[in-house]
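Everything on this sheet refers to the single structure shown next.
Any read-out appearing in this document is the output of simple, stated calculations on the displayed coordinates, not a laboratory observation. What you see is a predicted model, and the numbers here were worked out from it, not measured in a lab. Heads up, the Cβs are rebuilt from the backbone with ideal geometry, glycines too, and the neighbour counts pull from every protein chain shown.
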Amino acid sequence: MDRNKLEKWLKSPTKMGHKYSLHVVYFCTGCGIIEIPPSITARWDAERFGIIPVASPRQANLFLITGYVALKTLKAIIRTYEQMPEPKFTVAFGSCPINGGMYWDSYNTIKHLDKYIPIDGWIAGCMPRPEAIFIGVTHLWTLIDKEMADGYKKYRKDYKYYRENQEQIFGKLEWPPLFQKEVKK
Amino acid sequence: MELMVIMIFKIILVIFLAFIIGIFFLGLSRKIIARIQWRYGPPITQPIIDIIKLFNQGSMSHGVLFNFGIILSLVGSIVVILFLPMGKMCPLSSSGGLLVILYLMLLLPLGIALSSGEAANPNASIGISRKFILALGYEVPLLLIFLAVMTHYNTISIVKIVKMQSNTGWSLTSLPLLLSGIAYLLILPAILGVRPFEIFKAPQEISSGPMVEYGGKFLAFATIQHAFNEFIGISIFVNLFLGGASNPGYFFLKMLVVFFIYQFVNAVFPRFRIEQALKYLWKWPTLLAFVGLIIVAITN
Amino acid sequence: MNIEVLLVIAFGGALITYLLGKISKRARNVSAVAISLALVVIIAFLYNASSNITFYTGFLKNLSLVLRINTLSWFFAITISVVGALSIIFSLSYIKGKERTDFYYLMMMLVNASMIGIVLAGDFVTFYIFWEIMSWSAFLLISYNRGTAMAAGMKYIIMSVIGSMAMLIGILSLYANYGTLNISEISTFMASASSGYILFILITFGIGFGVKSAIVPLHAWLPDAHSQAPSPFSAVLSGVLIKMGIYGFILILYVIVGLKNFLGLSSNGFSFHYILCILGVITIVIPSFIAILQNDAKRLLAWSSIGQIGYIILAIAFGTSLGFAGGTFHILNHAIFKALLFLTVGAVEYRTGTRDLNSLGGLIKKMPITFLLALIGAFGLIGVPLTNGFVSKWLIYKTLILEGHPFLAFFALLGTWAAILYTYKLIHNIFLGELQEKHNNIEKTPFSMQLPMIVLALAIILFGILPGIPLKIINSIGVSFGLESLNINIWGIASDTGALNTINIFMAVLIIGLIVWLIFKAGRKSVKVTQDNNYAAGTYIPKGKYNYSVNFYNPLQRMISPFLKDFIDDFYMWISRGIKKMSISIRRIYTGDIGNYVMYIVLFLALLIFIQIKWNLW
């Protein structure tokens, strides 16, 4: 952890700021949320890394998709993801968003979340322990340092692809497209 | 001409010192809560990291009034600081005294109220109505306290009050104003919006209330405004009841003592409902402040 | 320019406007606006004039009718004429298309003219004549909308007539005692009157003026009257008509009875001016809290008017020079911002057809200029620094604190916080919050409605930054009453117990505001989102099903509404119901049967004969 290195702060305060102050949207998507309270309470304290849950997606920049994704929840996830301000990072938690996990042959869950919203990192496990969560966060820091955590840029660039997939599952969506034309970034 | 330059320098210094002290208190409060809960907590410089990140993040805006409201609130806080003496410095001392401070302090909730009203979110409307009701609740004892102090010293200028205390000792030690001082300590959490009166923000109930639609730089401004607000609340108490100070160092030490008192309350209490908060605020602190005012009126 | 010519133009103009209306609407509109503006200009030119004109001798044997003008009259006259002219400009669009518009314009100009006549009156007969003309023309305008407005108008006129009768008793007793009704002569006579007589005069005139200026036991007519009247007239009613009661109070307390007599009027601890102060304090606190509970925009503003009048009464009855300056300045301020607020509510009602706070919302997107002006008016009402409301309230608080009456100051300050609550409720429920589906297609207000509001808003800010302009005039009025002079600069008041310097505050706010705004602009640009792109826990808020501002202060309402019913209004209604029942039971004498009536005659004759036989009276 290089939070105390002053020269890095002076060189690129943006990247250091995004690394050491991650606000998580407190949206309990699935069963994986059961591992979040242990990691923010006293035993495995997440606040010492600057991670704190906030109530509203407008104030957040990290979205944890914890556990399986049902169809109903997917609508709420897409809406919440679009309401977050940029730059934003998404981390998929557990095995279900990766390939369906335990519900690999269910009619009601999403097997590949990557088709609907962009994901920056995955943490495998059914549920990952808090130590795994922290290792995942450290990897996210490395990605932010190397500027490879660009899920939000991908969303902007390939929005047509994502919107087609969303409309294929849900039919007509109630909200208008977020980006009117494709933006070259 | 030189007078103008010195005054501008003093203004900038006062605002800068207030900002540093406010941010320090914000970080220290998170650390204290964490230590009481047997964990390590973020570093004390965490609010600065938050503000740096928030200024680099995008945000959503609902219109012109949305931007204007938060700016109004922040400007209100900064202008109030210019009226409060910190150590021996008080840039705008001859412009109306304690009544102007009382009136400028009402710009703070009003600015946030205007901007969150524009957001058209039900959580914001509920949050801001609760904030105003809470403000009505703590204003009743606060007015009694201010009037007791003003009547006791027979002036409305806060600089004079600080000067008179250097002759007669701290207000808290003189019998008529002891009750008013204790009443002010009882309502200090309500003024600052910390637990048990955190009804304004209430992240779990109403999703941060008026700040539900604040992203990026709006949230940064709200954090800075929170820092200035804490400074104002404690600084008024130190000036009126603990005798001010002769230089900013001692001032900061006195503020630290008051800070610890209400932070320990903040760390362990849950949140009141708004009816319970009103009933409490209109009962005991009002009674104490009322008796204090009667004693001051009799001994004058 | 003589002041009789002024009154002739005022009254004659009203008649000409009415007659022109029978010929062509456009000519009537032009004449109404032109005559009102001409009145403003003439009165402005009469600044610093001071004269005394006897225009009729021999009224009822030996009374002479006198008109006079001095600084106090000029101050009130300019307020009346400006607010009246702006209301008439506002009504050009508001009244168009309604019925009986000629009658409306006639009554508006008549009210205007009679109020100018009141402040220019030099003796009590003229005063009483103009007072009555004002009362009944106001009654005809309040019940202009027919329907429920009739009951409101009846309540108003009955209470006003009772007040005028009390005043008439006072006037008659003055005539019986001193043989003259000329105000300046009476003030020299009253300097040597006994304190019992002074108390009698104060009480009778006090009831008369108290009804008109709605002090607490006598305020019951005001909420109904203000909410049922058409909006431009509500602005005049709330802005200047209630101030006529205050003008009467100033006349009685300062001119006729004199400051020393009034302050010294006490008997074993109870001094009359302190009782008036306590009534003022009750008038501040209770109506301001009742205003928080209202759901109708104009009723809320009406209760708020009663509250602000309490400030003025408190300051004027307090008797110090700062108090008089603060109270009189608040008369001007309250006229300006209350008229502005009533006009904005009228503009909203004109476009949306409703003034129910539980069904409006989000109109800032459709009427941005009206919102900005309402915001400035609201800031003036609260007393935000840099508006004129702040200066007058600062003066009132300072004198209350420094003279050692902290409890009065506490209640006055509490009134301000109640004002913040109900003003924000008004602004939020009408303009902020969510735009309702049915209001999606309304247009902006027409320019002739915006113009008077813009003028008033500019006055609020101007008098807030440079309060010395009106304060100089008020200071000279105070000096003429024997109060000590204040040290007034263009930007505030200098004194050794805490000065007020509004230019400092203004420069500080401006510069710091600029710096903060630049920092704000330096951040990343924000994305504009529409109203339905709101946080709702991941779902989409359906249109047309929600209104977020219903029952805005619900917890507070539940706690305090049992204590804040209008007991006095219920008391008056109970009296009126009792009188009605008594009258119905007395009516039973008229049975319609001739035999009964013959029996009445025979019994009465028998009674007379019996009395004559027994006691031999005649």
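Just one of (1) surrounded by 10 or more Cβ atoms within 10 Å (Cβ to Cβ); (2) in a loop (DSSP other than H, G, I, E, B); (3) without any contact (Cβ under 8 Å) to a residue 40 or more places away in the chain fails for C:ASN551. It is (3).
Being out of contact with any Asp or Glu (no Cβ under 9 Å at 6 or more places or on another chain) and hydroxyl-bearing (Ser, Thr, Tyr) is a description that applies to C:SER143. Put simply, of A:GLY101, A:GLY171 the only residue that is surrounded by 16 or more Cβ atoms within 10 Å (Cβ to Cβ) and either within 14 Å of chain C (Cβ to nearest Cβ) or not polar (S, T, N, Q) (or both) is A:GLY101.
Counting only helices (runs of 4 or more DSSP H) that sit wholly inside region B:86-154, those with at least 2 residues that are crowded, with 24+ Cβ neighbours inside 10 Å, at the interface with chain C (Cβ under 8 Å from one of its Cβ atoms) and among the hydroxyl-bearing types (Ser, Thr, Tyr) are B:122-153. Of all the residues in region C:521-548, those that are assigned to a strand (DSSP E or B) and loosely packed, with under 14 Cβ neighbours inside 10 Å number 1. Within region C:60-70, does at least one residue satisfy the condition of being among the polar types (S, T, N, Q), over 26 Å from the mean Cα position of the chain (by Cα), farther than 21 Å from C:VAL236 by Cα and not in a strand (DSSP E or B)? Within region C:60-70, one or more residues are among the polar types (S, T, N, Q), over 26 Å from the mean Cα position of the chain (by Cα), farther than 21 Å from C:VAL236 by Cα and not in a strand (DSSP E or B). Does region B:286-294 include one or more residues that are more than 24 Å from C:PRO555 (Cβ to Cβ), surrounded by fewer than 18 Cβ atoms within 10 Å (Cβ to Cβ), within 12 Å of chain C (Cβ to nearest Cβ) and without any contact (Cβ under 8 Å) to a residue 12 or more places away in the chain? Yes. Which one of C:ILE511, C:ILE505 is in contact with a Pro (Cβ under 6 Å, 6 or more places away or on another chain), surrounded by 13 or more Cβ atoms within 10 Å (Cβ to Cβ) and hydrophobic (A, V, I, L, M, F, W, C)? Only one candidate passes the filter, namely C:ILE505.
Restrict the check to region A:53-64 and report whether at least one residue is of a type in the set (A, V, I, L, M), crowded, with 22+ Cβ neighbours inside 10 Å and within 8 Å of chain B (Cβ to nearest Cβ). Yes, because at least one residue in region A:53-64 is of a type in the set (A, V, I, L, M), crowded, with 22+ Cβ neighbours inside 10 Å and within 8 Å of chain B (Cβ to nearest Cβ). Does C:GLU437 satisfy the condition of being within 14 Å of chain B (Cβ to nearest Cβ) and surrounded by fewer than 20 Cβ atoms within 10 Å (Cβ to Cβ)? Criteria met by C:GLU437.
Conditions tested, residue by residue: (1) farther than 21 Å from A:TYR162 by Cα; (2) of a type in the set (A, V, I, L, M); (3) free of Cβ contacts under 8 Å to residues at least 12 places away in the same chain.
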residue	(1), (2), (3)
A:ALA42	yes, yes, yes
A:GLN59	yes, no, no
A:ARG79	no, no, no
A:CYS96	no, no, no
A:ASN99	no, no, no
A:ASN108	no, no, no
A:TYR116	no, no, no
A:ALA124	yes, yes, no
A:MET127	yes, yes, no
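Number of residues in region A:21-40 that are in a helix (DSSP H, G or I), touching a residue at least 60 places away in the same chain (Cβ under 8 Å) and in contact with a Gly (Cβ under 9 Å, 6 or more places away or on another chain): the value is 4. Among residues of region B:143-169 that are closer than 16 Å to B:LEU288 by Cα, those with a Cβ under 6 angstrom from a residue that is among the small types (Gly, Ala, Ser), sequence gap 6+ or separate chain, pair up as B:LEU144/B:ALA289; B:ILE145/B:SER180; B:ILE145/B:ALA183; B:ILE145/B:ALA289; B:LEU147/C:ALA409; B:ALA148/B:SER180; B:ALA148/B:GLY292. Would you confirm whether or not region C:476-484 contains a residue that is assigned to a helix (DSSP H, G or I), surrounded by fewer than 24 Cβ atoms within 10 Å (Cβ to Cβ) and aliphatic (A, V, I, L, M)? Checking region C:476-484: at least one residue is assigned to a helix (DSSP H, G or I), surrounded by fewer than 24 Cβ atoms within 10 Å (Cβ to Cβ) and aliphatic (A, V, I, L, M). Working only within region C:13-45, note down all residues that are under 17 Å from C:LYS98 (Cα atoms), touching a helix residue (DSSP H, G or I) at 6+ places or on another chain (Cβ under 7 Å) and without any contact (Cβ under 8 Å) to a residue 12 or more places away in the chain. Within region C:13-45, no residue meets the criteria.
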